[in-house]
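Presented below is the structure to which this report refers.
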Amino acid sequence: GENMLWGGRFTGKSGLDPIMVSYNESIYFDRAFYAEDIKGSIAWARANKNVGNLTEQEFAAIESGFAKVHQEWKDGSFKIIPGVDEDIHTANERRLGEIIGKEIGGKLHTGRSRNEQVATDMRLWLREQLRQIESYLIDFLKVIAARAEQEVDYIFPGYTHLQRAQPVRWSHWMLSYGFQFASDLERLREVIARVNRSPLGCGALAGNPFGIDRVAMAKELGFESLLWNSMGAVADRDFVTETMQWGSMLMTHMSRWAEDLIIYSTSEFHFVRLADAYSTGSSLMPQKKNPDSLELLRGKSGRAFGQMAGLMMTVKGIPSTYNKDLQESVEPMLDHVKTVGDSIQIACGVLSTLKTDPERMLAALDPFMLATDIADYLVRKGVPFRETHHISGKCVALSEQTGTPMDQLTYEQLKGIDSRFNEDVSAIFDYEKSVEMRSAAGGTSKKSVEQQIKVLKEMLA
Ligand code: ARG
């Protein structure tokens, strides 16, 4: 390189710039797919045996050679050769050749491209991860349903604009998120079905010239169906994008859920108390107990969303079929899946160990939260709602002016505001009654909440 005009960066005519080597290589992250890569290669070899590209003995050698490679990865003895093992595909093939000899090992890649191989590995890996995540999500939803059942009698303030609005059941709040996460579960199941399609046998872009049985390979690998266009199959990272769109939506729900609980756990609210296992202390202030788990759920949602947006930016301008840009889909996928899986488990742990304080919840209720019920009371006496809303507003004003809580205004004071108030109005000042009035489907009455629990549980089956 010395006599090169632009200095010593390049190692020579045939060598790569050392920074280019590390810039290009993916082995240090795509090694995560070692097992999938081996499984895919065995299915590949079997299918090639069936079309006469390999003998029985050659296939047997490949299969047992791969068993050894697999074992080496598993026990940590696999030695990556820096600068040689560019990615998991080249690494596995290189090692196979060392074990069974290059004569046979060199036949494995017949008709195959790394383009189809990496897509196959990623889909297999992602499918298993998403199935695992599905089970975490179901566990979390079961905790929500169980707590909703147990704590159905707790009543607390429902907020809009973070202002006290109407009394609701604590379970009603839990289920409000439960149904968002249940929709995430439905969506996840659809995503898994689209991830679980086989690109194997598509070649670099044009398809396989040896009449390979793609259906048999797909079946062996547990794929549900084939990808039907070879050029599309190697170009496609929609399965990663869609997973991250899914994960971003879930994390958005998670973030809002966490935000509510952060507020509810402050000394000012104190409706809930986080278990020590999900809190941390302050290095300076001995009294502090911080809801770090919830803050991380909120914070990591930004990271998940960024990964999704990043990949969409990466993909949007590249021409069709495989381009190396697509390698940039791997790292965000690995991290996204870990982030989402961990987040659901953390949320599940937080909720199953959360302490609630039903007395503080009750104490936070305010008679003004029954102002709508006062209006509704007059509606039942035949007064048009627009008028009742105004009358109830006058009661609120009188209460504020006199400093008398609304439920302690005298019957005479109310009668003075509107003659249609009767003595039975005092029965309105009852939070539980207010809650029980909301008995239409989806409301906060006990019956409605129990129905919600039933519906939610059915979605988990
Ligand atoms: N490591 C590559 C990736 O993750 C594998 C595909 C390489 N294909 C190619 N034609 N260079 O995308």
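The values are calculated or read from the model by the stated rules, or taken from the named source; none is laboratory data. Since we're looking at a predicted model, the values are computed, not measured. Every residue, glycine among them, receives a Cβ derived from its backbone with ideal geometry; neighbour counts consider all protein chains shown.
Couple of notes before you dig in:
- Conditions (1) of a type in the set (S, T, N, Q); (2) in the same structural domain as R169 (by TED's automatic domain parsing); (3) farther than 30 Å from L297 by Cβ: number failed by T353: (3)
- If you go through the stretch 307-343 and keep only what is away from the ligand (no atom under 15 Å from the Cβ) and in contact (Cβ under 8 Å) with a residue 60 or more places away in the chain, you end up with Q307, M308, M312, H336, V337, T339, V340, G341, S343.
- Candidates are the residues of the stretch 130-156 that are part of a helix (DSSP H, G or I) and acidic (D, E); the one that is nearest to the ligand (Cβ to nearest atom) is E134.
- Cβ separations smaller than 6 Å between residues 6+ apart or across chains give the following pairs from the stretch 21-45 residues that are touching a residue at least 60 places away in the same chain (Cβ under 8 Å) to residues that are within 13 Å of the ligand (Cβ to nearest atom) and among the small types (G, A, S): I27/A91.
Every residue, every condition in (1) surrounded by 22 or more Cβ atoms within 10 Å (Cβ to Cβ); (2) touching a Phe, Trp or Tyr at 6+ places or on another chain (Cβ under 7 Å); (3) among the β-branched types (V, I, T), yes or no:
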| position | (1), (2), (3) |
| --- | --- |
| G232 | no, no, no |
| M244 | yes, no, no |
| R256 | no, no, no |
| E259 | no, no, no |
| I262 | no, no, yes |
| S267 | no, no, no |
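- Qualifying residue in the stretch 244-259 (condition: touching a His at 6+ places or on another chain (Cβ under 8 Å) and closer than 30 Å to E328 by Cβ): yes
- Condition met for R127 (among the basic types (K, R), within 16 Å of the ligand (Cβ to nearest atom) and in contact (Cβ under 8 Å) with a residue 12 or more places away in the chain): no
- In summary, G393 fulfils each of the numbered conditions (1) surrounded by 13 or more Cβ atoms within 10 Å (Cβ to Cβ); (2) outside any helix (DSSP H, G or I) with the single exception of condition (2).
- Residues that are within 16 Å of the ligand (Cβ to nearest atom) and free of Cβ contacts under 8 Å to residues at least 60 places away in the same chain within the stretch 98-115 comprise H109, R114, listed in sequence order.
- Hits in the stretch 390-430 - residues which are of a type in the set (F, W, Y) and more than 46 Å from the chain's Cα centre (by Cα): Y411, F421
- Filter pass, A119 being hydrophobic (A, V, I, L, M, F, W, C), at pLDDT 95 or above, surrounded by fewer than 18 Cβ atoms within 10 Å (Cβ to Cβ) and under 26 Å from the mean Cα position of the chain (by Cα): no
- Here D121 meets the list (1) within 16 Å of the ligand (Cβ to nearest atom); (2) more than 23 Å from Y23 (Cβ to Cβ) almost entirely, failing just condition (2).
- For the stretch 12-52, filtered to residues that are buried (at least 18 other Cβ atoms within 10 Å of the Cβ) and outside any helix (DSSP H, G or I), the residue that is farthest from the chain's Cα centre (by Cα) is E25.
- Residue match in the stretch 82-93 (condition: away from the ligand (no atom under 16 Å from the Cβ) and crowded, with 22+ Cβ neighbours inside 10 Å): no
- Check on K446, under 23 Å from Y177 (Cα atoms) and either among the basic types (K, R) or modelled with pLDDT under 95 (or both): yes
- The listed residues are R360, R386, and the only one of them that is touching a His at 6+ places or on another chain (Cβ under 9 Å) and either within 16 Å of the ligand (Cβ to nearest atom) or assigned to a helix (DSSP H, G or I) (or both) turns out to be R360.
- Subset of the stretch 434-450 [more than 30 Å from the chain's Cα centre (by Cα), more than 15 Å from D373 (Cα to Cα) and among the small types (G, A, S)]: A440
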